[in-house]
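The values are calculated or read from the model by the stated rules, or taken from the named source; none is laboratory data. Nothing here was measured: the structure is a model prediction, and the numbers come from that model. Here the Cβ positions follow ideal geometry from the backbone for every residue, glycine too, while neighbour counts run over all protein chains shown.
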Amino acid sequence: MVTVVGTGEVRVSATYATLSLTITDNGSNVTEAIKNVNTKAGNLKQLLISRGVGEVDLLESPLTIYPMAAVSAGATGFSASVSLSAKVYDESGVNELVADLYNNGAAIVAQPVLSADKQQELEAQAMNEAMADAKKQANELAKKNRKLIKKVINIQQASSASTATVTSKTGFLGNEFKIAKAVQVSYKMW
């Protein structure tokens, strides 16, 4: 029996970025806090739409409201917050968009997550490359030891995330990231 580790990697250009942001505002009463945060959220949604984000690519969380006294002793009034998530297909303009979101009232904008369409196909391609690499290594061991590979006994796999927050810049491809798979394959030899 022999065990080998094969790796496969697919480089892919990002086709969209997902932005997540939190909007907060305060008011002297619950109604005012809700109105204030909804106004900010509406303005930020309009900003995102004006920058090419489709309404179907915008998601809004339920509103969270809490008394300010829960955060700071003796404080009065209420705070309301809501989160938005947006798919941005022009990932080259994400940095400017993040700055615009902060300038227009976003409290927190999480680091954009870059993704590619057809994730499952890309992951399958990386897996096929990893299995081919393992088979090549097993064949080399079999040849060296004058044995024949009879069958696969066990496969264990590991993979990278299929999205990225760190990318490499390429000259003509734009933002690019890797989808990687690793397999540990045990073969029975005769």
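Of the listed requirements (1) at pLDDT below 95; (2) over 30 Å from LYS135 (Cβ atoms); (3) among the aliphatic types (A, V, I, L, M), VAL4 misses just one: (2). Per this entry, ALA106 is counted among residues that are assigned to a loop (DSSP other than H, G, I, E, B), under 24 Å from the mean Cα position of the chain (by Cα) and either small (Gly, Ala, Ser) or under 30 Å from MET189 (Cβ atoms) (or both). Considering each of LYS35, LYS40 in turn, give the residue that is among the charged types (D, E, K, R) and either touching a His at 6+ places or on another chain (Cβ under 6 Å) or surrounded by 16 or more Cβ atoms within 10 Å (Cβ to Cβ) (or both). Unique residue meeting the criteria: LYS40.
It is to be established whether one or more residues within the stretch 1-20 are over 30 Å from ALA126 (Cβ atoms) and either buried (at least 17 other Cβ atoms within 10 Å of the Cβ) or touching a residue at least 12 places away in the same chain (Cβ under 8 Å) (or both). No, the stretch 1-20 contains no residue that is over 30 Å from ALA126 (Cβ atoms) and either buried (at least 17 other Cβ atoms within 10 Å of the Cβ) or touching a residue at least 12 places away in the same chain (Cβ under 8 Å) (or both).
Looking across GLY52, GLY42, one residue alone is under 28 Å from the mean Cα position of the chain (by Cα) and at positive phi. It is GLY52. Just wondering, is there one or more residues in the stretch 20-30 that are aliphatic (A, V, I, L, M), assigned to a helix (DSSP H, G or I), outside the structural domain of GLU121 (by TED's automatic domain parsing) and at pLDDT 95 or above? Within the stretch 20-30, one or more residues are aliphatic (A, V, I, L, M), assigned to a helix (DSSP H, G or I), outside the structural domain of GLU121 (by TED's automatic domain parsing) and at pLDDT 95 or above. Regarding THR76, is this residue under 30 Å from GLN156 (Cβ atoms) and at pLDDT 90 or above? When the stated conditions are applied, THR76 does not pass them. In the stretch 39-53, the qualifying residues are those that are of a type outside the set (A, V, I, L, M) and without any contact (Cβ under 8 Å) to a residue 24 or more places away in the chain, and the one that is farthest from VAL98 (Cα to Cα) is THR39.
From the residues in the stretch 62-86 that are in a loop (DSSP other than H, G, I, E, B) and free of Cβ contacts under 8 Å to residues at least 24 places away in the same chain, which one is surrounded by the most Cβ atoms within 10 Å (Cβ to Cβ)? Talk me through it step by step, then tell me what you get.
Taking the stretch 62-86 and keeping what is in a loop (DSSP other than H, G, I, E, B), we get 62-63, 71-77.
Imposing the further condition that a residue be free of Cβ contacts under 8 Å to residues at least 24 places away in the same chain reduces the set to 62, 71-75.
Details: PRO62: 6, VAL71: 9, SER72: 8, ALA73: 6, GLY74: 6, ALA75: 13.
The qualifying residue surrounded by the most Cβ atoms within 10 Å (Cβ to Cβ) is ALA75.
Scanning the stretch 115-170 for residues that are β-branched (Val, Ile, Thr), more than 11 Å from VAL4 (Cα to Cα) and within 31 Å of the chain's Cα centre (by Cα), which turns out modelled with the highest pLDDT? Taking the candidates together, the pick is THR163.
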